[in-house]
Amino acid sequence: MTAEWVELGRLGRPKGLKGWQHLESWTDPPEALFDYEEWHLVGPAGRVPARCAESKVSGQGGLEARLEGVSTREAAEQRVGLKIEVPRAALPPAGEGEHYRIDLVGFVVRNLEGVELGVLERFEDFPANVVMVVRGDRERWLPVTPQHLRHIDAATRCVTVDWPADF
């Protein structure tokens with residue numbers, strides 16, 4: 001089962017007076033977010049298509065954009081926090097040995113001893129590394145590092161980790 005829509009980022013706070021705003025990007029590299037011709041903004045009011053009129057990488061490596069039809073700070077403020085999604089079909093195919101995170105949600109997570117730790121619910125990004133949030137008999141936050149993430153088997157929908165069951 002694959003998701004029809006994939007979240008690639010989120011609109012952040014306004015920058016200046018002419019409709020620019022900061023962006024958070026989940027793409028690698030972050031500026032690859034600008035490669036998508038059309039975004040779909042998702043919030044409480046639903047999903048609306050949007051296009052990026054202008055974009056740039058700021059001096060500190062952050063991303064900034066101005067959407068078509070947005071030319072004031074007030075208009076940008078109305079879009080803060082909206083998720084940026086694209087249709088699944090717009091994504092390039094994952095490379096050999098690569099996976100989209102969204103495709104792994106729902107996989108069973110087992111340790112090297114074969115103990116089922118639970119089901120992968122989501123990923124969380126932290127400065128040190130990404131963690132998998134796994135829900136089983138309790139919630140576990142497992143680091144996504146080569147040391148801990150050992151194998152992904154898409155056929156059996158299973159992730160194998162080097163993690164003790166009692167931790």
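The values are calculated or read from the model by the stated rules, or taken from the named source; none is laboratory data. Source: prediction; values computed, not measured. Backbone-built Cβ (ideal geometry, glycine too); neighbour counts: all protein chains shown. Side chains are part of the model used for accessible areas, which takes the heavy atoms of the whole protein and leaves out ligands, DNA and RNA. Shrake-Rupley method; radii C 1.70, N 1.55, O 1.52, S 1.80 Å.
Determine, for each peptide in 25-34, 124-133, the mean count of other beta carbons within 10 angstrom over its residues, then list the peptides with the highest first. Before the final figure, lay out each step's value.
Numbers: 25-34: 15.3, 124-133: 13.0.
Top of the packing list down: 25-34, 124-133.
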Distance in nm between Asp137 and Trp5 label points, each 7 Å along Cα→Cβ, equals 3.8
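Would you mind giving the average projected area, over all directions, of the Cα convex hull of region 31-167 in nm² with one decimal? Walk me through the numbers before you get to the answer.
Working: hull surface 44.0 nm².
Taking the Cα atoms of region 31-167, their convex hull projects to 11.0 nm² on average.
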Could you work out how far the C-alpha centroid of region 104-122 sits from that of region 3-28, in angstrom?
-> 31
Quick one: Cα centre-to-centre distance for region 85-103 and region 40-73, in angstrom?
-> 22
For the charge dipole of the chain, defined by +1 on Lys and Arg C-beta atoms and -1 on Asp and Glu C-beta atoms about the Cα centroid, which residue among Ala154, Asn111, Ala94 has the Cα displaced farthest towards the positive pole?
-> Ala94
Reported to the nearest 10 Å², Ile152 has, with a 1.4 Å probe, an accessible area equal to 40
Treating only Lys and Arg (+1) and Asp and Glu (-1) as charged, each at its beta carbon, one finds that the chain has a dipole about its Cα centre, in Debye to the nearest 20, of 580
Considering only protein heavy atoms, what per residue accessible area in square angstrom results for region 40-80 with a 1.4 angstrom probe?
-> 60
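Under the 0.36 nm per residue contour assumption, what length would be gained going from the current alpha-carbon distance of Phe167 and Val80 to full extension?
Numbers: separation 87, 0.36 × 87 = 31.32 nm, distance 3.82 nm.
Full extension of this stretch gives 27.5 nm more.
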Given Cα pairs under 8 Å that are at least 6 residues apart, what percent is the relative contact order of the chain?
-> 19
Could you pull out which residues in region 100-131 have an amide N less than 14 Å from a spot 7 Å beyond the Cα of Gln147, following the Cα-Cβ vector?
-> 128-130
